[in-house]
Amino acid sequence: MVRFANDDPTIHAYNTFALAQNNFNVACIFIALLRDALGEGAPGEIKMGRIGGKRYLATVEPWHGNSIVIYEEHSGMWPRRVIEDGLAGAHAIGWGDFDGDGNDELAVGWREKNFGVAVYKRMSDGSWTKSMVDDGGMAAEDLTVADLNGDGRPEIIAVGRKTANVKIYWNEAGK
Ligand SMILES: [Ca+2]
Ligand SMILES: [Ca+2]
């Protein structure tokens, strides 16, 4: 189970700062710069992770849509699998080994209806489980994944448009 610190009110207050709407672009530039620093590049809605030594491509389909789709490395055509189809305005994805088991999980943010951030994990039987990271506090416009405190466990950094905020979800897995 991936556990994040966003439910801790102290950490939450310390790490969360509301932005005026006209500062939203500053937050987006921050994310873009962080991505450049990480060499993550573009586009924003197709990202590659690794599970069991295989490459997995994650996409939002359709563009800004409701589904999260995974393409698993395979000889010939890569099989397509819809792991989520109930989102609204899905807009942000990022891979990271959040629980430290050597395999990547997929962080997803969406910005419409019951917006939020969740992490999806591929289980050994091929199914995917969903863990909510933020339920209703982040109308995610974009997110990125980076280890900000150098403990080897990546954090999730997300920016919200409708919620006009930036949050760092500190990764407390294994603590
Ligand atoms: Ca993992
Ligand atoms: Ca960390």
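Read the figures in this text as sums done on the coordinates, not as results from a lab. This structure is a prediction, so every number in the text was calculated from the model and none was measured. Quick reminder, even Gly has a Cβ in these numbers, built from the backbone with ideal geometry, and neighbours come from all protein chains shown.
Below is a table of values for the structure above.
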| read-out | value |
| --- | --- |
| Links that overshoot a 25 Å alpha carbon limit, given the list K121/K167; K54/K167; K130/K162; K130/K175; K47/K130 | K54/K167 |
| Ranked by how many other beta carbons lie within 10 Å on average, peptides 93-105, 71-83 from highest | 93-105, 71-83 |
| Loop-located trypsin sites (Lys or Arg not before Pro) in segment 87-143, at most 12 other Cβ atoms within 10 Å (DSSP) | K113 |
